[in-house]
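Below is one structure, written out as structure tokens; comments come after it.
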Amino acid sequence: MSTQGELTGRRIAIVAGDYFEEVELTTPRDELRAKGAEVHVFSTTGESIQAMEGDTEKTSKVEVDGDLSAVDGAAYDAIVVPGGTVNADQLRTDETAQRIVTDALAAEKVVAVICHGPWLLVSAGLAKGRRLTSFPSLADDVRNAGGEWVDEEVVVDGTLVTSRNPDDLPAFVGAITAQLA
């Protein structure tokens, strides 16, 4: 069972663009904050970002703390990347987003990616030789990039944490917490 304050002193950056899957950003943000972590949200533009439910229904806008250029992947204890097909497709081609996750993994920081988010890992050349999961439609992309795709609710490979979809959020947040506690 987690305790309040177990992540006190830990800094986490969530990186996202418009049309992210709402619960894949808000659940980790809120639960990690409740455990004492300092959590910042960064967008590709520095402007608030549009949340979605199931890629088709607009929900709320989420305020952000800055744009991706403000994120030093090695300076945060963890980087969290939510899914959402459009969000993930935008991030995967964003060189700054690629740098953030590359720098974080190189510094042995936690990188936690869910649903369609692993497209960023594929495009950044970070899937090769790694065991990970994602939304099932990305399995071929992961394999073609040299990764081992598995169908499990959460996969931890070193400091890389991946999950498949919103149903896996309890295991996803639990694995992030375990990595940081």
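Quick grid of which residues meet (1) touching a residue at least 40 places away in the same chain (Cβ under 8 Å); (2) touching a His at 6+ places or on another chain (Cβ under 6 Å); (3) of a type in the set (S, T, N, Q):
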{"position": "Arg131", "(1), (2), (3)": "no, no, no"}
{"position": "Phe135", "(1), (2), (3)": "yes, yes, no"}
{"position": "Asp140", "(1), (2), (3)": "no, no, no"}
{"position": "Asn144", "(1), (2), (3)": "no, no, yes"}
{"position": "Gly147", "(1), (2), (3)": "no, no, no"}
{"position": "Glu153", "(1), (2), (3)": "no, no, no"}
{"position": "Gly158", "(1), (2), (3)": "yes, no, no"}
{"position": "Asn165", "(1), (2), (3)": "yes, no, yes"}
{"position": "Ala171", "(1), (2), (3)": "no, no, no"}
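Answer yes if at least one residue in segment 58-68 is touching a strand residue (DSSP E or B) at 6+ places or on another chain (Cβ under 9 Å), buried (at least 22 other Cβ atoms within 10 Å of the Cβ) and at pLDDT 95 or above, and no otherwise.
yes
For segment 1-36, which residues satisfy the criterion of being among the aliphatic types (A, V, I, L, M) and over 24 Å from Leu120 (Cα atoms)?
Met1, Leu7, Ala34
Check Gln179 against each of (1) out of contact with any strand residue (DSSP E or B) (no Cβ under 6 Å at 6 or more places or on another chain); (2) open to solvent by 60 Å² or more (accessible area, probe 1.4 Å) and name the one condition it does not meet.
Failed condition: (1).
Counting just the residues of segment 121-145 that are of a type in the set (Gly, Ala, Ser) and exposed (fewer than 13 other Cβ atoms within 10 Å of the Cβ), which one comes out nearest to Ala104 (Cα to Cα)?
Looking at the filtered set, the residue picked out is Gly125.
Quick one: Ala106 ticks every box in (1) open to solvent by less than 10 Å² (accessible area, probe 1.4 Å); (2) aliphatic (A, V, I, L, M); (3) without any contact (Cβ under 8 Å) to a residue 60 or more places away in the chain bar one, so which box is it?
(1)
The values are calculated or read from the model by the stated rules, or taken from the named source; none is laboratory data. Keep in mind that this is a model prediction, so the values were computed, not measured. So basically every Cβ, Gly included, is an ideal-geometry build from the backbone, and we count neighbours across all protein chains shown. Each accessible area value is taken on the protein alone, full model and side chains, heavy atoms only, with ligands, DNA and RNA left out. Shrake-Rupley method; radii C 1.70, N 1.55, O 1.52, S 1.80 Å.
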